[in-house]
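Heads up: the structure comes next, in structure tokens.
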Amino acid sequence: MKKVRVLVVDDSAIVREILARELSKEPGIEVVGVAPDPYVARDMIVNLEPDVITLDVEMPRMDGLTFLRRLMKHHPLPVIIVSSLTEEGGELALEALDLGAVEVMCKPGASYTIGDVGVQLAEKIQAAARVRVSPRNGERPAPRPRGRALTRTTHKIVAIGASTGGTQALQDVLTALPANAPGTLIVQHMPEHFTRSFANRLNELCAVEVREAESGDTVTPGRVYIAPGNHHMLLSRSGAVYEVVVKEGPLVSHHRPSVDVLFKSVARFAGRNAVGVIMTGMGRDGAEGLKEMKESGASTIAQDEASCVVFGMPKEAIALGAADHVVPLKSIPDKILELV
């Protein structure tokens, strides 16, 4: 199998050394070069023709966002942002996703140990290599028009899971939902702090209220909760009230937060009162959980292959027979509202 050729771009010599060393241990990865700044990276891209680039966003001479904007306009390539674990880093990483980056990840020593870096980053690189990257003009995509209000409120639960490509896909779905849409729980594979920045940005764009979840939050119409990075999120029930539980725990399906953890809790506590949605992403996290939701009586949706950035998670769910409906991204909001 042809190895994925990777260029590492970071101003820290230590980070470049760690990433190059750990990635070189992976049989499907070839590190073709390391660059300390975008100017060196530009020449190496022309000479080495990498398949994927890992990119820091905070660098001297030219910041990573400026470089990414130019790269996506003139020479688009799959880019994975490897950033510091800070609130500011989260905002910058989200802006990078808007500009065309396909994934974000924390630098070693943040939420990942050095031993984790090679495996997790290699998985993201393998997924990124399959992404079809189109030229961008450097402008943030405009959100879709907000949907009309439901004729009556509903106390059904919507649970959504996504990974690679999910940040933009979730924006497309949530900006199309009305202000009194069903209470919604979302697992998007992202590191902590990045999820808070992501929730804050969505809250500015959507008619629904979007927050990073905290234990004890009540799930009611018009509210959307994003699972905090590095924590699992579950649905619970106290009498007639649905509540959020956020907790630590081991990785499930190689992830924390895990879509399977969310979906299985929704199957248990909401059953046929729920709608499950699995969207673009690598791997199989959420497939088993969506199947449990369907078996409990919930309606289930999978994003179709043509509209996925990576057709991994939906493909696995469809193969298990877990999806009642397979629809393109643009049809998911209407399908959710139809089912509730």
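The values are calculated or read from the model by the stated rules, or taken from the named source; none is laboratory data. From a predicted model like this one, the values you see are computed outputs, not experimental measurements. Quick reminder, even Gly has a Cβ in these numbers, built from the backbone with ideal geometry, and neighbours come from all protein chains shown.
A count restricted to the range 203-258 and to residues that are over 21 Å from the mean Cα position of the chain (by Cα), among the hydrophobic types (A, V, I, L, M, F, W, C), outside any strand (DSSP E or B) and modelled with pLDDT under 95 stands at 1. The single residue among Ile18, Ile14 that is without any contact (Cβ under 8 Å) to a residue 24 or more places away in the chain and more than 22 Å from Val310 (Cβ to Cβ) turns out to be Ile14. Restricted to the range 171-196, and to residues that are within 25 Å of Lys247 (Cα to Cα) and of a type in the set (D, E, K, R), which residue is modelled with the highest pLDDT? In this case the residue turns out to be Arg196.
Of everything in the range 261-305, what is closer than 21 Å to Ala127 by Cβ, surrounded by fewer than 23 Cβ atoms within 10 Å (Cβ to Cβ) and acidic (Asp, Glu)? Give them in sequence order. Scanning the range 261-305 gives Glu288, Asp304, Glu305. Being touching a Ser or Thr at 6+ places or on another chain (Cβ under 6 Å), of a type in the set (Gly, Ala, Ser) and touching a residue at least 24 places away in the same chain (Cβ under 8 Å) is a property that holds for Ala267.
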